[in-house]
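Undergrad: Next up is a structure, given as C-alpha cells.
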Amino acid sequence: MELLSGADMIARFLQDEGVEYIYGYPGGAALHIYDALFRQDKVKHILVRHEQAATHAADGYARASGKPGVVLVTSGPGATNAVTGIATAYMDSIPMVVLCGQVMSHLIGDDAFQETDIVGVTRPIVKHSFSIRHPSEIPDVLKKAFYLAATGRPGPVVVDIPKDMTAPTERYEYIYPKKVKMRSYNPVTRGHTGQIKKAVDMMLKAKRPVFYTGGGVVLGKACEGLTDLVQRLDYPITTTLMGIGAYPQSDRQCLGWLGMHGSYESNMAMHHADLVIAIGARFDDRVTNNTSKFCPTAKIIHVDIDPSSISKTIRADVPIVGPAASVINEMISLVQGQDIANPDALAQWWQQIEGWRAERVGKLYEPSDGGVLKSQEVVEALCRVTHGEAFVTTDVGQHQMFAAQYYKFDKPNRLITSGGLGTMGFGFPAAMGIKQNYPDDHVVCVTGEGSFQMMMQELSTCKQYAIGVKIVNLNNASLGMVRQWQDLNYKSRHAHSYMESLPDFHKLIEAYGFTAITVNTLDELEPALERAFADKHELVFLDVKVDPHEHVYPMQVPLGSMRDMLLSKTERT
Amino acid sequence: MRHIISILMENEPGALSRVVGLFSQRNFNIETLNVAATEDPSLSRLTVTTVGDDRVIEQITKHLNKLIDVIKLVDLTEGNHIERELMLVKVKALGAARDEVKRTVDIFRAQIVDVTPSLYTVQITGDATKLDAFLQAMGPVGILEVARTGVSGIARGDKVLSL
C-alpha cells in the first residue's frame with residue numbers, strides 16, 4: 001500500500017494519466033501541489049505569464065492533440081484570471097481540466113485572503129466541477145474530471161482544491177483508478193438505427209442536398225468517414241468555422257465555410273438546398289442569420305452528440321443523437337451499393353453551384369496593386385510559403401476571418417480559433433500549446449496588433465521554453481472588425497477602434513531576443529515569410545502593415561436569410 | 001403551458017445551484033421549486049414547475065438531463081399525475097370572522113394548527129389551484145402571512161421515477 005499526501009497524489013495521478021504538459025502559475029493555495037510537481041520530472045510544467053494564457057495554451061494543446069489540456073492555478077485571482085480561457089474552451093467544447101488551489105477548508109466563506117468561490121464563478125462555463133472535501137477523494141475525483149472532460153461532448157472541468165487537502169503531513173492510500181463509473185453520466189455511443197435509416201433514405205432522394213458539418217466532426221474524430229460519405233454521394237459540403245479542414249478544402253466538393261463571413265457559394269447553396277445534412281454543428285447565430293428565413297426549402301437532418309443542440313434554434317426533421325463517427329459509419333454502410341434517386345437533379349444542382357462559384361472568381365478582394373498591403377494577400381502568401389500545412393491559430397476579428405477565408409486547410413485541427421466565445425488574446429498562447437505538441441511542424445499565429453497586445457506577455461514564456469512559433473501581425477493600427485461595423489452601422493464614427501500609441505513591435509520583439517521583420521510592401525512580403533519559416537524552432541515576428549480601410553466580405557445582411565450578403569463595399573446580393 | 005418536472009439527482013453540495021443556475025443562465029423561468037433527500041440518502045428529488053411552449057420545455061428537459069448531477073427526470077404533466085402543495089397561512093380571526101374562518105377551513109378540508117385569541121394558523125394541502133382558491137376566500141378576512149412549499153408531484157399508476 002502506498003501512502004501519499006494529497007499534493008503527491010495529484011502529481012502521481014497526472015503521471016499515471018499520461019499528462020505530458022501542465023500550464024500554470026503558482027500561488028499560495030497551490031504551493032503544496034507545486035512542490036509535489038517539483039519533486040518529479042515526468043509531467044512538464046510550463047510557467048506562463050498570466051493565467052488566461054495557461055488556459056489558452058492548454059486549449060491549443062488539446063485541440064491539436066485531441067487530449068485534455070491541463071491547467072494549474074492558485075485560488076482567487078489565479079483562478080479568476082483563468083475564467084476567460086475556461087469559457088473559451090466551453091464554447092468550443094474543448095476537453096480541459098483546470099486544477100484550482102483554494103484557501104483552507106476552515107477559511108472558506110470567510111472572505112479569506114485570495115478566496116473566490118471559483119466553482120460558483122465558473123458554474124455556467126464548465127461541463128462539470130468538483131470540490132475536494134477529503135484528500136482520499138483526490139484520485140477518484142481527478143479520474144472523473146478527466147473522463148468527463150474528454151468523453152461525450154467534451155468540455156472544461158474545474159477541480160477546486162483547498163490547501164489543507166494537499167498538506168504534506170497527511171497521507172492516504174493512493175491507487176490509480178483505472179476505470180470510472182458514474183450513474184448519472186452515460187454518453188451515447190451510437191445513434192438510433194431507425195433514424196439513421198430514415199436520414200439515409202432522404203439523402204438518397206434529395207435533389208439539392210448539402211452537407212453542413214461542424215466542430216463535432218473534428219472533435220469526434222470522424223473526418224475520414226465524413227470525407228468518404230461525402231465523396232460516395234458526390235454532394236456538396238460546407239463547414240462551420242470550427243469544422244474547417246474536416247473535409248479537404250481544396251477538393252471540388254467543398255464550398256468553403258458558411259455563415260456571416262462564409263463563402264458566397266456556401267450560403268447560396270444552403271439557402272437553395274432541399275436537404276441540409278448537419279453533423280456536429282449547432283446552427284448558431286453566426287451561421288443561420290435570421291432563423292425565420294433560414295433555408296426556406298430545406299428539410300433538416302441533424303446529427304449531434306448533445307441532444308440539447310438539436311432543435312435548439314432550428315427544428316430538425318430527422319434528429320439523430322449520437323457520436324459523429326459511428327453515425328457516419330452507419331450511414332456509409334447504408335449508402336453502400338445504393339444509387340441516388342435523382343442523378344439528373346444532382347447534376348443540375350452542381351451546375352447551379354458552379355455558376356455561383358464562377359460569379360465570384362477574381363472578385364473576392366481588390367489587390368493592393370502597389371499600395372498598402374491587403375490582409376488577404378498576406379494570408380494567401382502565408383498559405384503558399386507553408387504549403388497549406390501549418391497549424392494556424394488566430395485571435396479574433398478581421399484577421400481571423402481572413403485567415404479562415406484565404407488559408408486553404410486540407411486537414412482537421414489546423415485552423416485553431418476561438419469560434420464560439422470569440423476571445424481576443426487566444427491565438428498566441430494557443431500556438432505555444434500546439435508547438436510543444438508538434439515541435440517539428442510550423443505553428444503560426446495570425447493576429448492583429450489589438451489582439452496580440454492582450455497576451456503579448458507570453459513572449460517571455462516562449463523565451464523561457466524556446467517555443468518557436470511564428471507570429472504574423474496584420475497591423476492596421478485599428479480594431480478592424482469593430483471599425484468595419486462602425487463603417488457600416490455608425491456612419492464611420494470610429495469610436496475607440498483606433499490604436500494610437502502602438503509600441504515599436506520590432507524593438508519590443510528584439511527586447512525578448514527574438515527576430516522581428518517589418519513588412520510594408522508586397523515585394524517584401526514573400527521573402528520575409530520565407531525567412532520567418534526557414535527555421536522551425538525560431539520565434540519570428542512579422543509586423544505586416546496592412547490596409548485599415550479593408551472590410552471582410554462576404555458579409556451577411558443582419559436579419560436577412562443565408563443568401564442576403566454584402567459582397568463588397570458596393571455590391572450586394 | 002405549465003409543466004411539473006421532477007428530477008432525481010445526486011445529493012451533493014452544489015447540485016441544487018447547478019439546476020437553479022441553469023434556469024437563469026438559459027433564460028427559463030421557475031414558478032416553484034422544492035427539493036429534499038429521498039429514501040436513499042445519496043439521492044435528492046427536486047420538483048420544479050415552469051412555464052413554456054413545447055420547444056422551451058424540450059430545451060429545459062434536455063439541458064437538465066445534461067447536468068452531470070441529474071440522473072433521471074420526468075415531466076409529470078405529460079401523463080396522469082398527482083400534484084400537491086402544502087401551505088401554512090396566518091389569518092385574522094376576530095369577532096364574527098372567527099367562525100367564518102373556521103367554516104371556510106372546514107369547507108376546504110384544511111386544518112387549524114395553531115390558535116391565538118386574534119388569529120388562526122391554517123394548514124392546507126392540495127393542488128395549486130385549491131390553495132389559490134383558499135387564499136381568495138380568505139382575502140376579505142385578512143391574510144397576515146403565507147408560507148407555501150411549492151408543488152410536489154408523483155405519477156399515477158405503475159409508473160415509478162427511480163434508479
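The values are calculated or read from the model by the stated rules, or taken from the named source; none is laboratory data. Computed from a prediction, not measured in an experiment: that's the story for all the values here. Here Cβ is always computed from backbone atoms with ideal geometry, including for glycine, and neighbour counts include all displayed protein chains.
Undergrad: What's the number of the condition A:Gly480 fails, among (1) in contact with a Lys or Arg (Cβ under 6 Å, 6 or more places away or on another chain); (2) within 30 Å of A:Arg49 (Cα to Cα); (3) not aromatic (Phe, Trp, Tyr)?
TA: (1) is the only condition that A:Gly480 fails.
Undergrad: A further question on this structure: What number goes with the only condition from (1) of a type in the set (Gly, Ala, Ser); (2) within 22 Å of A:Met91 (Cβ to Cβ); (3) without any contact (Cβ under 8 Å) to a residue 12 or more places away in the chain that A:Ala316 does not pass?
TA: If we test A:Ala316 against (1) of a type in the set (Gly, Ala, Ser); (2) within 22 Å of A:Met91 (Cβ to Cβ); (3) without any contact (Cβ under 8 Å) to a residue 12 or more places away in the chain, just (3) comes out false.
Undergrad: Is it the case that A:Glu380 is among the charged types (D, E, K, R) and in the same structural domain as A:Met455 (by TED's automatic domain parsing)? Reasoning before the result, please.
TA: Values: among the charged types (D, E, K, R): yes; in the same structural domain as A:Met455 (by TED's automatic domain parsing): yes.
So A:Glu380 passes the test.
Undergrad: When you look at A:Glu380, is it assigned to a helix (DSSP H, G or I), buried (at least 18 other Cβ atoms within 10 Å of the Cβ) and among the acidic types (Asp, Glu), yes or no?
TA: yes
Undergrad: Report yes if some residue within region A:101-116 is crowded, with 20+ Cβ neighbours inside 10 Å, closer than 19 Å to A:Leu142 by Cβ and touching a Gly at 6+ places or on another chain (Cβ under 6 Å); otherwise report no.
TA: No - not one qualifying residue is present in region A:101-116.
Undergrad: Tally time: how many residues in region A:311-341 are within 14 Å of another protein chain (Cβ to nearest Cβ), within 20 Å of A:Ala206 (Cβ to Cβ) and not charged (D, E, K, R)?
TA: Applying the first criterion (within 14 Å of another protein chain (Cβ to nearest Cβ)) to region A:311-341 yields A:311-316, A:319, A:321.
Then keep just the ones that are within 20 Å of A:Ala206 (Cβ to Cβ); that gives A:314-316, A:319.
After this cut, where a residue has to be not charged (D, E, K, R) as well, the list is A:314, A:316, A:319.
The number of residues fulfilling the criteria is 3.
Undergrad: Within region B:1-118, considering only helices (runs of 4 or more DSSP H) that don't extend past its boundaries, which have at least 3 residues that are within 11 Å of chain A (Cβ to nearest Cβ)? Working first, answer last.
TA: On the way: elements: B:15-25, B:54-66, B:96-107.
So the answer is B:15-25, B:54-66.
Undergrad: For the list (1) in contact (Cβ under 8 Å) with a residue 24 or more places away in the chain; (2) surrounded by fewer than 24 Cβ atoms within 10 Å (Cβ to Cβ); (3) not aromatic (Phe, Trp, Tyr), I need the number of the one condition that A:Pro124 fails.
TA: Status for A:Pro124: all satisfied but (1).
Undergrad: On the basis of being in contact with a helix residue (DSSP H, G or I) (Cβ under 8 Å, 6 or more places away or on another chain) and either buried (at least 23 other Cβ atoms within 10 Å of the Cβ) or outside any helix (DSSP H, G or I) (or both), does A:Val287 make the cut? Give the derivation first.
TA: Values: in contact with a helix residue (DSSP H, G or I) (Cβ under 8 Å, 6 or more places away or on another chain): no; either buried (at least 23 other Cβ atoms within 10 Å of the Cβ) or outside any helix (DSSP H, G or I) (or both): yes.
No, not satisfied.
Undergrad: Further question: Scan region A:147-170 and tell me whether some residue there is surrounded by fewer than 19 Cβ atoms within 10 Å (Cβ to Cβ) and of a type in the set (Lys, Arg).
TA: No, that holds for no residue.
Undergrad: A further question follows. Let me spell it out: the conditions are (1) within 11 Å of chain B (Cβ to nearest Cβ); (2) at negative phi, and A:Pro154 meets all of them except one. Which number is the exception?
TA: If we test A:Pro154 against (1) within 11 Å of chain B (Cβ to nearest Cβ); (2) at negative phi, just (1) comes out false.
Undergrad: Residues that are in contact with a helix residue (DSSP H, G or I) (Cβ under 7 Å, 6 or more places away or on another chain), under 27 Å from A:Ala430 (Cβ atoms) and away from chain B (no Cβ under 11 Å): does region A:132-143 have at least one?
TA: Yes.
Undergrad: Output yes when any residue across region A:96-107 is closer than 20 Å to A:Ala57 by Cα, touching a strand residue (DSSP E or B) at 6+ places or on another chain (Cβ under 7 Å) and within 13 Å of chain B (Cβ to nearest Cβ), and no when none is.
TA: Kept after step one, since they are closer than 20 Å to A:Ala57 by Cα, are these residues of region A:96-107: A:96-101.
Next cut, touching a strand residue (DSSP E or B) at 6+ places or on another chain (Cβ under 7 Å) only: A:96-101.
Add one more test, that the residue is within 13 Å of chain B (Cβ to nearest Cβ), and what stays is none.
No, every residue in region A:96-107 fails to be closer than 20 Å to A:Ala57 by Cα, touching a strand residue (DSSP E or B) at 6+ places or on another chain (Cβ under 7 Å) and within 13 Å of chain B (Cβ to nearest Cβ).
Undergrad: Take region A:26-49 and flag every residue that is crowded, with 19+ Cβ neighbours inside 10 Å and under 12 Å from A:Pro429 (Cβ atoms).
TA: Matches in region A:26-49: A:Ile46, A:Val48.
Undergrad: So for region A:65-79 (the condition being away from chain B (no Cβ under 14 Å), surrounded by fewer than 24 Cβ atoms within 10 Å (Cβ to Cβ), small (Gly, Ala, Ser) and in contact with a helix residue (DSSP H, G or I) (Cβ under 7 Å, 6 or more places away or on another chain)), does at least one residue qualify?
TA: To start, the set of residues in region A:65-79 that are away from chain B (no Cβ under 14 Å) comprises A:65-79.
From what is left, the residues that are surrounded by fewer than 24 Cβ atoms within 10 Å (Cβ to Cβ) are A:65-67, A:76-77.
Retained after the next criterion (residues that are small (Gly, Ala, Ser)): A:65-66, A:76.
Narrowing further to those that are in contact with a helix residue (DSSP H, G or I) (Cβ under 7 Å, 6 or more places away or on another chain): A:65.
Yes, that holds for at least one residue.
Undergrad: Can you tell me which condition A:Asn473 does not meet? The list is (1) of a type outside the set (A, V, I, L, M, F, W, C); (2) surrounded by fewer than 24 Cβ atoms within 10 Å (Cβ to Cβ); (3) in a strand (DSSP E or B), and all the others hold.
TA: For A:Asn473, the failing item is (2).
Undergrad: Turning to a different aspect of this structure: It is to be established whether one or more residues within region A:180-190 are more than 14 Å from chain B (Cβ to nearest Cβ) and in contact with a Pro (Cβ under 9 Å, 6 or more places away or on another chain).
TA: From region A:180-190, those more than 14 Å from chain B (Cβ to nearest Cβ) are A:189-190; that's our starting set.
Those left that are additionally in contact with a Pro (Cβ under 9 Å, 6 or more places away or on another chain): A:189-190.
Within region A:180-190 (the criterion being more than 14 Å from chain B (Cβ to nearest Cβ) and in contact with a Pro (Cβ under 9 Å, 6 or more places away or on another chain)), the answer is yes, since at least one residue qualifies.
Undergrad: If you go through region A:2-41, how many residues are of a type outside the set (Gly, Ala, Ser) and not in a loop (DSSP other than H, G, I, E, B)?
TA: Here is the first cut: in region A:2-41, the ones of a type outside the set (Gly, Ala, Ser) are A:2-4, A:8-10, A:12-17, A:19-23, A:25-26, A:31-35, A:37-41.
Filter once more, so that each one left must be not in a loop (DSSP other than H, G, I, E, B): A:3-4, A:8-10, A:12-16, A:21-23, A:31-35, A:37-38.
Residues flagged as of a type outside the set (Gly, Ala, Ser) and not in a loop (DSSP other than H, G, I, E, B) within region A:2-41 amount to 20.
Undergrad: Anything in region A:459-470 that is closer than 20 Å to A:Phe533 by Cα and in a helix (DSSP H, G or I)? List them, or say none. First the steps, then the outcome.
TA: Taking region A:459-470 and keeping what is closer than 20 Å to A:Phe533 by Cα, we get A:459, A:462-463, A:465-470.
If the condition is that a residue be closer than 20 Å to A:Phe533 by Cα and in a helix (DSSP H, G or I), then A:Leu459, A:Cys462, A:Lys463, A:Tyr465 are the ones that fit.
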